[in-house]
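What follows is a single structure, written as C-alpha cells, with notes after it.
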Amino acid sequence: MSETSKYDFFMDELNSLEKQLYGFVQKTFELSEKNTRLEKKVHQLEKENEVLKLKIDEIESKLNNSLFNDNLSFSNESINLEDRDYLKTKISELISKIDYHLRS
C-alpha cells in the first residue's frame with residue numbers, strides 16, 4: 001500500500017467515526033429532551049393526582065357529615081332493603097371508577 005492510500009484509508013475511517021459520533025450525539029440530545037418532557041408530564045400528573053385525592057377526601061367528608069351529622073341513617077324505617085342494596089352497588093361502582101382514574 002502506498003502512503004497516499006494509507007492516508008486516504010485512515011481519513012475515510014476517521015470520517016466514518018465522526019459520522020457515528022455525530023449520530024450518537026444527536027440521539028443522546030433527542031433522548032434527553034424526551035426524558036425532560038416525560039419528567040414534566042409525570043410531575044404534572046402527580047399534582048393532578050394530589051388534587052383528585054383532596055377532592056375525594058372533601059367529598060367523603062361531606063358525605064360522612066351529611067349522613068351522620070344530619071341524623072340520616074340507613075335504618076329499616078328510612079330505606080328498604082332493595083334500595084339499600086342498590087345504593088351499595090352504586091357506591092361501589094363509583095369507588096371503582098374513582099380508583100381506576102387515580103391509578104391511570
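Here are a few things to note about the model shown:
- Sequence of R37, R103, R84 once ranked by neighbouring C-beta atoms within 10 Å, starting from the fewest: R103, R37, R84
- Net charge contributed by nearby residues that have their C-beta within less than 15 Å of I95 (K/R +1, D/E -1): +2
- Pair K88, S61: separation of 7 Å Cα→Cβ label points (nm): 2.9 nm
- Stretching S32 away from K97 to a fully extended chain increases their span by 19.9 nm, per 0.36 nm per residue minus the current alpha-carbon distance.
- Length released on extending from S2 to L52, taking residue separation times 0.36 nm less the Cα-Cα span: 10.5 nm
Read-outs throughout are calculated quantities, based only on the coordinates presented, and are distinct from any laboratory measurement. What you see is a predicted model; the values in this text were computed from it and never measured. Glycine also receives a Cβ, built like all others from the backbone with ideal geometry; neighbour counts cover every protein chain displayed.
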